[in-house]
Every structure is written in C-alpha cells, then in structure tokens.
1. Give the residue that is surrounded by the fewest Cβ atoms within 10 Å (Cβ to Cβ), with candidates limited to residues of region 184-217 that are touching a residue at least 12 places away in the same chain (Cβ under 8 Å), on the phi < 0 side of the Ramachandran plot and part of a loop (DSSP other than H, G, I, E, B).
2. Taking only region 66-79 into account, find how many residues are assigned to a helix (DSSP H, G or I) and under 17 Å from the mean Cα position of the chain (by Cα).
C-alpha cells in the first residue's frame, strides 16, 4: 500500500506579483544539491543532521585573495588568524599552512595555538583577561603581548623583573574614527593621552621591549575610511615614538572587523550588495600608513587579524525539517532540527537558507524556528521559501565564523563538523557530542547518588 499523502489545510494569501514587500525583492532560493562535489543528502546520511560543513577550498582562496590585495598596496604584510572566529584545529591549520600567524585572546586559545605547533614568536596575545600565568607563558615563549590596560602593564613590569626576561609588547589603542558607538572599552585612548602615557611608561620601565601598536575599531565594519583614519593615528603614534625614543616600531596591527557577505538584520539589501570590497579596506589602510611622516625605509610591518571575512562564506549548516504548522495569524512556521544553540549568529544575521532538494516555484512567506523549548529560538523571522515537508533538508549559508566557538550545549547535543578538502573528500574535524561525553565531566556527591521516587 502506498504512503498516504499528507494533507495541509489551504489558506488564502495575498500576492503582489512583481512588487517589493517590506522585506525587499525575492532572492535566489534555488536548491543547493551538493557542496564541493558531495551531495547534501549523502553528507547527512553519513554524518547526521544537523551538520556543519566547511570548504577548505574556499578558505584557501579567500585567504590568498586577501594577502594579494594587501600586499599589492603595502610592502610588508602579515596575516594572523583570529582563533576566536573559529578555533577548530583543522581550520586553524589551513590558515597556518597558508602562512598565517595566530592571534589569540585567552590562555585557552594560546594553548591551542601552541598545540597546533605555532612558534611562540608567531603568536599575538590580545584580550583584557590575561592571568599572571598566561603572561608568564607568553613571555617564556617570546610571544607578542598586546597590553590592554595599565594594570596589565604593571603586572608585566613586575613579571619581567621576577623572571629576568624582556617581554615583547605593544599596546592596544582605541580612538575616534567617526564610527559610533566608539569601541573604547578595550585598550588605551588616543585622544585623551592614555595611549601616549602608556608608551612612555613602557620605555621608562627599562624592562619591556616595545615592538608595535594595535587597534581593533569594531566588528562587521562597513566604512573603509574609518580604518584609514585609525592607520593614520597609529602611524602618528609610531612617528612620535621614533622621534622621542629613537626606535622604529616593528609592526602596526590593524586588527580585524572586516565584514563578510552575510545579511545583517535590519539591512534592506543583502550583504553582498552593501559590503565594501576588501580592496577598499586595503587601500584605506595602506594609504594611511604610507602617507604618514614615517620614512619609507622605516615603515612597519602591517599585521591584519581578519577572521569573519576569510571563513564565513566557507561554512554551511545542513539541517532537516521536523514539522510545519500554522501560527494564529495564519502564517506558515517551519521547525528545523537546529536552533540558536548552534547557529548563534542568527541573532544578528538573516542567514540565506536554501532547500536541498528540487522544489516548486511557489514561494510562501514563513518563519523558521529551531527545536528548542524557548521562544527566542528563531532562525528567520520572515523568509520566502517553497513550502517544505517533514524530512526535507536545507542548507544555511555563510556560517563559518563564530558559530562553532559561540555555540551552546543547551537542551540538545552539538553535531559533527566536517571539512571537505580540495579533492572533494570529507573529514570529520569535530565529533558530535554524546550523553556519555557530557556526563563524563560531571561529578555527583555520594549523598545524592541514591533516591526513591
């Protein structure tokens, strides 16, 4: 006997053919049947649903393009992979194979970089929370320590005297670049003299080696000119250091914050139409440094810590429809087997979602929910897609940045992560969690081990 067809009660929907609604024009939601030569259905059959998939090919091409773009405009360029963006060891290793150093913001990330065989002198240690042990470890391994605040500076001076070593340091500088709200929580301010005061204290200590300057002016930045202004201000500080202390700084680190082509919530147009090209950022930064008073032979190395812009578009999340229902308004709601616990970036992006099987040309405005028992588990508040039935699969695009570092083990377990290499071969690079794995980290006191119900 053939399977009984599923019945769904029809609804009346107003159509405005050819006109824009408040969500703009329809984007391309044609099916994505395969990723890097492997069928989506085969990936799910072998590795389960939901499933994160990353493309090694896309990562390498993105990185190589970024290096070419900056190197064609500035004589000395070095990239440092931002571990907080995606610190899975396989992903970090792709960037390190391409020549990228490591940029970390915690002792945990620092240990991961060392375990990935990154030489200590190729690790940049940022962040406001470096313990004394973290600082000592970084000094012993000759890493570059970017000082975030004066308390950290004083700790380093004391540590240098205790262990008779000369830490290699820079300071993080925050500044007014015309972008508001200004990121002044981190680092030392340029305009009010905090940064210059810290530089003088470093030199007066006699026990620290001042090597560079660092800034990170924001995240998902859409204004290249802000980077040009930041580069000019850091170059001004470097020139003043040279004039007063007679030393030429080795590098200026412009941080990250460059955008991917993801779709920001609240933006009328898709990200690919509104983000500046990486060429515009490179041009602004290179111009700010080259046009400074620093002599050409003394120009410092430019370090870039780009993360999101290099990996976001290499990531996909595959998922399966659990059910459909009609909300009280009559609007269609589709529930997926993945939620905000593993797709954390859906809080600020309208991720593009495509079916993974052939569909009709009919589109319906719907909401996409996750499976969690919490009302904020919303993947898309409104999206036009072909209606999908239970068991159908989808591909969420541009999820390579921050999701596997900000995901939560909440209500359900975290899934497999797969990397597809340049030969179209899939590799598990993080195994899915199990209940035994979660329980193995818990301890129950003896007096709680028995009970009667």
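1. For region 184-217, the residue satisfying everything is 191.
2. Summing the residues that are assigned to a helix (DSSP H, G or I) and under 17 Å from the mean Cα position of the chain (by Cα) in region 66-79 gives 1.
No value in this document is a laboratory result; all are computed from the given coordinates. Nothing here was measured: the structure is a model prediction, and the numbers come from that model. Don't worry about glycine lacking a Cβ; one is built from the backbone with ideal geometry, like all the others, and counts go over all protein chains shown.
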